[in-house]
Amino acid sequence: MSVKVEELMTRSVITAQPHQSVEHVRNMLENNSISAVPVVDSDGHPVGIVSATDLVRDLKPGSPISHVMTENVYTVPLYDDTSIAARVMRNHKIHRVVVTHEKQVVGMLSAFDLLELVESHRYVAKNAPTLSKRKGAKRR
């Protein structure tokens, strides 16, 4: 069964703007019990992402968030399979991706969201390939 990103993503996404202060974004994370926010331009297109880890450093509270945000934002379309999102997260060693539709931020998908597939038994692991029993078979 192919599960789409849209089925697991968090829809009510709180976003930040590049000009907002470090203190403002820190408060957004704390007040909403979230660990990251996408940073969007005036058209709602993702231009960065800020996680709680980015804000641990000793930063001036009035500094714009654009000074600490990660500009390389990994996105997935909402209609993609969750396997694509999982591969992006694994390959880039990240914990979440921004979900987009027509270049607009419409959700977030985290590694914890993907664990729901395993927990609800909607994902079934395939058996690992077996080694050849032929004599002289090469191992890779």
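The values are calculated or read from the model by the stated rules, or taken from the named source; none is laboratory data. Please read all numbers here as calculations on a predicted model, not as lab measurements. Cβ coordinates were reconstructed from backbone atoms using ideal geometry, including for glycine residues, and neighbour counts include every protein chain displayed.
Data overview
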{"quantity": "Residue selected from region 21-44 under the condition touching a strand residue (DSSP E or B) at 6+ places or on another chain (Cβ under 7 Å) and either in a loop (DSSP other than H, G, I, E, B) or at pLDDT below 90 (or both), by the criterion nearest to Ile94 (Cα to Cα)", "calculated": "Ser35"}
{"quantity": "Among the candidates Val68, Val76, Val47, residue that is modelled with pLDDT under 95 and of a type in the set (Val, Ile, Thr)", "calculated": "Val68"}
{"quantity": "Residue, nearest to Thr10 (Cα to Cα), within region 85-118, restricted to residues that are aliphatic (A, V, I, L, M) and loosely packed, with under 14 Cβ neighbours inside 10 Å", "calculated": "Leu115"}
{"quantity": "Subset of region 54-76 [in contact (Cβ under 8 Å) with a residue 12 or more places away in the chain, outside any helix (DSSP H, G or I) and within 15 Å of Pro38 (Cα to Cα)]", "calculated": "Pro64, Val68, Met69, Thr70, Glu71, Val73, Tyr74, Thr75, Val76"}
